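Undergrad: Have a look at the structure that comes next, please.
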Ligand SMILES: Cc1cc2nc3c(=O)[nH]c(=O)nc-3n(C[C@H](O)[C@H](O)[C@H](O)COP(=O)(O)OP(=O)(O)OC[C@H]3O[C@@H](n4cnc5c(N)ncnc54)[C@H](O)[C@@H]3O)c2cc1C
Ligand code: FES
Ligand code: FES
């Protein structure tokens with residue numbers, strides 16, 4: 001069978017579609033679901049622009065088949081904000097000028113989401129290693145690191161007051 | 001780039017996976033982390049008619065220590081190894097290589113079994129496993145068999161695995177007291193494959209004499225290269241400057257790197273020489289305690 005019916009839960013909503021088995025997850029998200037926040041930079045698993053969360057783990061969706069996501073939870077950049085309210089990581093990128101052209105930003109944010117989930121208080125070095133699979137063609141790493149530090153601080157303050 | 005079309009199978013048990021592989025033989029490819037296979041399919045370097053996705057076989061994801069041996073399931077992800085206390089405490093050589101393999105997203109999916117089964121001389125685990133003297137367990141339609149790592153890498157991208165076999169386990173003897181290991185990798189940028197990589201593992205006795213040595217190289221030969229003649233020089237020596245110099249010289253002369261985007265033959269040999277010195281010095285210092 002060269003096609004398969006799959007159900008993928010994207011940002012909490014189940015989507016059932018018949019897809020070609022060779023369809024890449026990033027194309028399923030962008031073309032079948034029309035969610036174009038997830039970018040394709042290199043298509044060779046190098047740049048990280050296509051990073052999403054699959055069952056909470058950050059992965060490069062240009063190197064995963066859509067059929068591999070059957071029955072799983074996918075989180076994309078569209079799932080980060082709470083209505084009109086930015087996620088703290090988005091706020092960090094906004095406040096600290098963490099983006100220039102913005103092409104790498106969705107991938108950076110999704111990667112930062114798992115990084116901060118596992119390590120809520122990362123050192124600068126841990127952040128730099130943590131985003132080592134994400135390239136910023138505008139080379140804005142300095143402010144990307146600051147943006148993630150901003151988010152770490154904000155998220156831990158929120159966790160304390162909650 | 002989109003991979004060529006294939007039939008997709010997602011077995012839920014090992015038996016089911018083995019029977020699919022038995023049925024399709026050479027026409028099938030196992031998919032684990034997919035981070036070598038999918039890129040190769042995009043480039044049409046692999047065009048399997050059937051994909052057998054073994055990711056549901058979570059019983060193959062484990063790290064255990066029993067009677068002086070570390071047992072690692074074939075489907076264990078790099079990230080699980082990175083987060084394992086057993087690996088950090090028992091196998092410093094493996095802990096050192098993990099953060100140097102690809103990047104965090106790739107390590108979230110990539111498996112140690114796939115890394116070895118792919119037979120890519122540019123992958124980092126093969127040299128480490130050669131230095132540690134690991135054993136590979138393969139399961140096929142006729143049952144299980146063990147393959148010593150020294151007999152595992154047969155040719156360029158070719159291992160001793162049959163198409164219908166699954167690499168189910170890696171067994172690594174826990175190095176005894178007085179051991180040390182180190183991996184040195186030169187890369188063009190973080191996350192890249194090695195320009196050259198060196199894995200060294202040594203054990204010394206009370207007098208400081210070396211009783212066993214493992215030395216192997218990444219990406220400078222058509223297969224992961226075990227430097228047997230270098231190991232022979234080290235065993236019995238005090239791991240002093242002279243012995244290390246001699247072993248490093250042998251490593252750099254006997255490897256057979258190619259001239260490519262990562263550098264010229266001379267450059268790679270020079271890097272092997274220096275990386276071998278450093279790996280052996282660090283391994284020896286650790287072993288002496
Ligand atoms: C951007 C990038 C950078 C990378 N950098 C590095 C690096 O620096 N160092 C490094 O070592 N690796 C690197 N890799 C390779 C990565 O570690 C691969 O994922 C790994 O080589 C293969 O593991 P996998 O689980 O993804 O296997 P897959 O891609 O799923 O499979 C690889 C091959 O092995 C076979 N196979 C897989 N599992 C089994 C099994 N259990 N039994 C039998 N056969 C099996 C498959 O059929 C296939 O032929 C990189 C990959 C990418 C995409
Ligand atoms: S598009 Fe997936 S890593 Fe670059
Ligand atoms: S902001 Fe332009 S690529 Fe990162």
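Undergrad: To the nearest whole number, what is the average tally of beta carbon atoms from other chains within 10 Å of the beta carbons of peptide B:4-11?
TA: 4
Undergrad: Can you tell me the FRET efficiency between residue B:228 and residue B:13 if r is taken as the Cβ-Cβ distance and R0 is 60 Å, rounded to the nearest 0.05?
TA: 0.90
Undergrad: A further question on this structure: Could you work out the relative contact order of the range A:3-79? I mean the mean sequence separation of Cα pairs under 8 Å and 6+ apart, divided by the number of residues, in percent.
TA: 39 percent
Undergrad: Further question on the same structure: How much length would be gained if the chain were fully extended between residue B:171 and residue B:259, taking 0.36 nm per residue of separation minus their Cα-Cα distance, in nm to one decimal?
TA: Result: 28.2 nm gained on full extension.
Undergrad: Obtain the nm distance between the two label points defined at residue B:235 and residue B:23 by a simple spin-label model: each point lies 7 Å from its Cα along the Cα-to-C-beta direction.
TA: Result for the modelled spin labels: 4.8 nm.
Undergrad: Further question on the same structure: Measure nothing fancy, just the Cα-based angle from helix A:141-161's long axis to the longest principal axis of chain A, in degrees from 0 to 90, nearest 10.
TA: The two axes meet at around 80 degrees.
Undergrad: Given the Cα-Cα distance of residue B:162 and residue B:61 and 0.36 nm per residue of separation, how much length would full extension add, in nm?
TA: Gain in length upon complete extension: 34.2 nm.
Undergrad: A follow-up question, please. Per residue of B:23-29, what is the mean number of Cβ atoms on other protein chains within 10 angstrom of that residue's Cβ?
TA: So the per-residue partner count for this stretch is 0.
Undergrad: Please compute the length gained on full extension between residue B:212 and residue B:69, using 0.36 nm multiplied by the number of residues separating them and subtracting their Cα-Cα distance.
TA: Between residue B:212 and residue B:69, full extension yields 49.8 nm more.
Undergrad: Arranged from highest to lowest average of other beta-carbon atoms within 10 Å per residue, in what order do the peptides B:124-132, B:63-71 appear?
TA: Most protected by this proxy first, the peptides run B:124-132, B:63-71.
Undergrad: So what's the Cα pair-distance distribution over the range B:1-158, bin width 5 Å, in %?
TA: 2, 8, 17, 22, 22, 16, 9, 4, 1, 0
Undergrad: For chain B, take the longest principal axis of its alpha carbons; what is the angle in degrees between that and the long axis of helix B:265-288, to the nearest 10 within 0 to 90?
TA: 70 degrees
Undergrad: Next question, about the same structure. Counting other C-beta atoms within 10 Å, which of B:158, A:1 has the fewest, and how do the rest follow?
TA: A:1, B:158
Undergrad: Here's another thing I want to ask about it. Neighbouring Cβ atoms within 10 Å as the yardstick, rank A:136, A:104 fewest first.
TA: Ascending number of Cβ neighbours within 10 Å: A:136, A:104.
Undergrad: Could you tell me whether chain A comes out rounded, prolate or oblate from its Cα gyration tensor? Rule is a ≥ b ≥ c as square roots of the eigenvalues, rounded for a/c under 1.5, then prolate if a/b exceeds b/c, otherwise oblate.
TA: prolate
Undergrad: In whole percent, what relative contact order does chain B give with Cα contacts below 8 Å and a gap of six or more residues?
TA: 16 percent
Undergrad: Now for a separate question. Divide, for chain B, the radius of gyration over alpha carbons by 2.2 N^0.38 Å, where N is the residue count.
TA: Ratio of Rg to 2.2 N^0.38 Å for chain B: 1.00.
Undergrad: Once the Cα gyration tensor of the protein assembly as shown is found, what semi-axes does its equivalent ellipsoid get, as square roots of 5 times the eigenvalues, in whole Å, sorted largest first?
TA: 38, 28, 20
Undergrad: To continue, here is another question. Quote the relative contact order of chain A in percent (integer), defining contacts as alpha-carbon pairs under 8 Å separated by 6+ residues.
TA: Here the relative contact order equals 23 percent.
Undergrad: Then there is this: How many partner chain Cβ atoms sit within 10 Å of a residue's Cβ in peptide A:65-78, on average, as a whole number?
TA: That works out to 2 on average.
Undergrad: For an R0 of 25 angstrom, estimate the FRET efficiency from the Cβ-Cβ distance between residue B:144 and residue A:55 and round to the nearest 0.05.
TA: The computed FRET efficiency comes out at 0.25.
Undergrad: Treating the angle as unsigned and between 0 and 90°, give the value, to the nearest 10°, between the Cα long axis of helix B:241-254 and the longest Cα principal axis of chain B.
TA: Approximately 40 degrees, to the nearest ten.
Undergrad: Give, as ranges by residue number, the residues of the range B:171-213 whose backbone N falls under 16 Å from the point 7 Å along Cα→Cβ of residue A:44.
TA: B:188-195
Computed from the coordinates by the stated procedures, all read-outs in this text should not be read as laboratory data. All values derive from a computational prediction rather than experimental measurement. Cβ coordinates were reconstructed from backbone atoms using ideal geometry, including for glycine residues, and neighbour counts include every protein chain displayed.
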